[in-house]
1. For the stretch 249-406, what is the charge dipole size about the Cα centre, in debye to the nearest 20, if Lys and Arg each add +1 at the Cβ and Asp and Glu each add -1 at the Cβ?
2. In debye to the nearest 20, how big a dipole does the chain give about its Cα centre with +1 on each Lys and Arg Cβ and -1 on each Asp and Glu Cβ?
3. Ignoring any ligand, DNA or RNA, what whole percent of the accessible area of the stretch 306-366 comes from carbon and sulfur when the probe is 1.4 angstrom?
4. In the structure displayed, which of 9/347; 3/226; 3/206; 70/226 lie more than 31 Å apart, Cα to Cα?
5. Treating the stretch 101-214 as a set of equal point scatterers at the Cα positions, no solvent, please give the Debye-formula log₁₀ I(q)/I(0) at q = 0.09, 0.14 Å⁻¹.
6. Based on the mean of other Cβ atoms within 10 Å per residue, sort peptides 377-388, 250-261 so the most packed one is first.
7. For the stretch 125-183, what is the convex hull (Cα atoms) projected area averaged across all directions, in square nanometres?
8. Would you mind getting me the FRET efficiency between residue 375 and residue 253? Use the beta-carbon distance for r and R0 = 22 Å, nearest 0.05.
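The values are calculated or read from the model by the stated rules, or taken from the named source; none is laboratory data. Predicted model, so just to flag it, every value in this text is computed and none were measured. Here the Cβ positions follow ideal geometry from the backbone for every residue, glycine too, while neighbour counts run over all protein chains shown. Each accessible area value is taken on the protein alone, full model and side chains, heavy atoms only, with ligands, DNA and RNA left out. Shrake-Rupley method; radii C 1.70, N 1.55, O 1.52, S 1.80 Å.
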Amino acid sequence: MDKFSSHLKNILHGFFLAIGTTIAEPSTILPLIVNYFGGSSMLVGFFAALLRGGAVIVQLFAAFHAQSYKRMMPYLRRIFFVRFFSWFLIGVAILLFGENYPNLTLASIGFGLFLFSFSAGFAAIYFREIMAKIFSHKFRGKTMAYRQFFSAVGGLISGALAAWILESFEAPQSYGYLFVISSFIMALGYIAFALVDEPEKEEVSKRESSFKKFLQNSLSILKADKNFQTQVTTFFLAYGYLIALPFIILDAQQKINLDGVAIGSLITTQMVGAMLSNFLWGNLSGNGRNIAVAKVAISLQIVAILLAFVASSLYAYMLIFFLVGASMDGNRIASSNLILKLAPADKRPVYIALQMNIVSLGMFFSIIGGVVLHYTNYTLLYSLATGVLLAALFLSFRLTEGKTEA
């Protein structure tokens, strides 16, 4: 465990993947693209949810099969190809159809986002299982902090690249170039992680006779583990910030001038927040204080949404996205490490899939936000998001670190 080569490949995967996916960041560029082609606030919310949460429906099915796999990498490599292809397809569709066929363009974007996110449902199970096999619990927190630090660096590069492309080319061609170029950049990350030396797993579970039986057993696990229930509910509600986040950029567009440079600066600021925060998250997680990471991260989300009530300048919105970037990475580290510590080795894919399935439903909060904004206003939107996050913060005080893992 804890090989430097695996550590480096994990970092490279996160770095190049961040450059690629930040091009269509759901809180900045994606809403502007959807809005450009005539999409409503509800469609913005739906697409943001699709990119983040399309994986939900397949994770338990992936875990049903994965619990009996001794090696995950052969399956993960296939998923990497599907994700590359779907991202590349979005860019090609925008360049081919563009504003001449806006409905077809939006449909193509939706299909590509679904395929990209759907395949992530399998990838997430395989990836976390591999991470649990190649890194010890304490080192895993450190390597994920390093990964997220360099992912944020990649996001900075992505922000600068996006700003340059948006300024150099007219829409919608610029949007198409964003996806095409970034698909090849993220492919470098896929290749890096695909070369990880994965050990064979000794503790595997015998697969149930049917998927229905598997679901029944999974539900029994959830009902029997109170600590698991608290953890799942906390991180589900922690996605409450997504009720408001995809629409903050649209609110800003109405209040201030958002050109390509301004949009790029917001992306960059979000990545700086993520990058710098990982010094804190890595230190806390490395010392076994993952619960503290969750509490601080959720608190930062609350502050960011409260600032959105009064923001009226580019600098104010930069601060909001800085806090969002920091909090997202914090929650990611806390939820990932806590579940890997809580879950028994033989049932780890099931625990991971259960948590990701339930928690990932929170990624669809942006759909609720789109409906709320469509029929009401930003004040109610921000108020609802704040209320949900306060509930998550309250529950975070009931989290436990689980059993000790080597």
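1. 400
2. 1420
3. Looking at the stretch 306-366 in its full context, I get 72 percent from C and S.
4. From the list (9/347; 3/226; 3/206; 70/226), the Cα-Cα distance tops 31 Å for 3/226.
5. Each listed q maps to, in turn, -0.41, -0.86.
6. Listed from highest to lowest mean packing, they are 377-388, 250-261.
7. For the stretch 125-183, averaging the hull's shadow over all directions gives 5.2 nm².
8. Efficiency computed from Cβ-Cβ geometry: 0.65.
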